[in-house]
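Quick notes on the structure that follows.
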Amino acid sequence: MNTEIEAIHRTFAEYQEHQTEPEPFLAMHRDETIVVNIAGRRVLGKEALAQAMTAALASPLAQVRTTLDIEDVRFVREDVALVSAIKNVHDERDEKDEADAGFPSTGALTLLLSKEEGQWRVALAQTTPRLAT
C-alpha cells in the first residue's frame, strides 16, 4: 500500500474515533468544508459544522455513532483525494422518534480530502443513504 493511502486510512481512523469530540474532529476539516449528513442536512464551513455538531451532541443524536469502511481511494492530484466508503450507523438511543422509522443504517460516504501542511483534511463529506434491500 502506498504511503499516502496508508495516511488516508489513518485519517479515516481518526475521523471515526473523534466523531463525538468537537475539537479534534473539527481540526480535521478545512475552514471552507461542506458536509452533507445521511439525513440530507448540509452545513457550509467549519463554523457551521461546529454549531451543528455541538447541537447534535447535546441531543439524543449523541447516542448515534458511525463506523466507516473505505472501499476506494483515487487521487485527483497528489494533494487531493476522493475517498469512497461505507458508513454504518449504530443508533444506540433508548427511545427513537417516529420520524426515525425507516432511517437508513448504511450510507455511501464520499470524502474529498486535500493535503495541507502534511495532513489530509476534509474539504467535502457527503453521505447518501442506502436503502435496505
To the nearest µm²/s, what D does Stokes-Einstein give for the chain at 37 °C and 0.692 mPa s, using the Kirkwood radius over alpha carbon pairs as Rh? 214
Sequence-distant or interchain residues sharing an amide H contact under 5 Å with T106, placed H: which? V89, R130
May I ask you to derive the FRET efficiency for E6 and E32 from their Cβ-Cβ distance with R0 = 25 Å, giving the value to the nearest 0.05? 0.40
Using helices alone, what [θ] at 222 nm do you get for the chain, with -39,500 (n - 2.57) per DSSP H run of 4 or more residues, divided over all residues and rounded to the nearest 500? -7500 deg cm²/dmol
Full-extension gain in nm, A62 to V76, via 0.36 nm per residue minus C-alpha separation: 1.6 nm
So who's got an amide H within less than 5 Å of the one on G45, skipping anything under 5 residues away but keeping other chains? H placed 1.01 Å off N, in plane. T33, I34, V35
Please rank T127, T67, fewest neighbouring Cβ atoms within 10 Å first, as an exposure proxy. T67, T127
Can you work out ³J(HN,Hα) from phi for every residue in region 35-50, in order, using Karplus 6.51 cos²θ - 1.76 cosθ + 1.60 and θ = phi - 60°, giving whole Hz and x for Gly and Pro? 10, 10, 7, 5, 8, x, 6, 9, 10, 10, x, 5, 5, 5, 5, 4
Percent of Cα-Cα pairs more than 13 Å apart in region 1-48, please. 64
Tilt of helix 3-17 relative to the longest C-alpha principal axis of the chain, in degrees (0 to 90, nearest 10)? 20
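Bear in mind these aren't lab numbers, they're just calculated from the coordinates by the rules spelled out. Everything quoted here is computed from the prediction, not taken from an experiment. In this analysis, Cβ positions are derived from the backbone assuming ideal geometry, glycine residues included, and neighbour counts consider all displayed protein chains.
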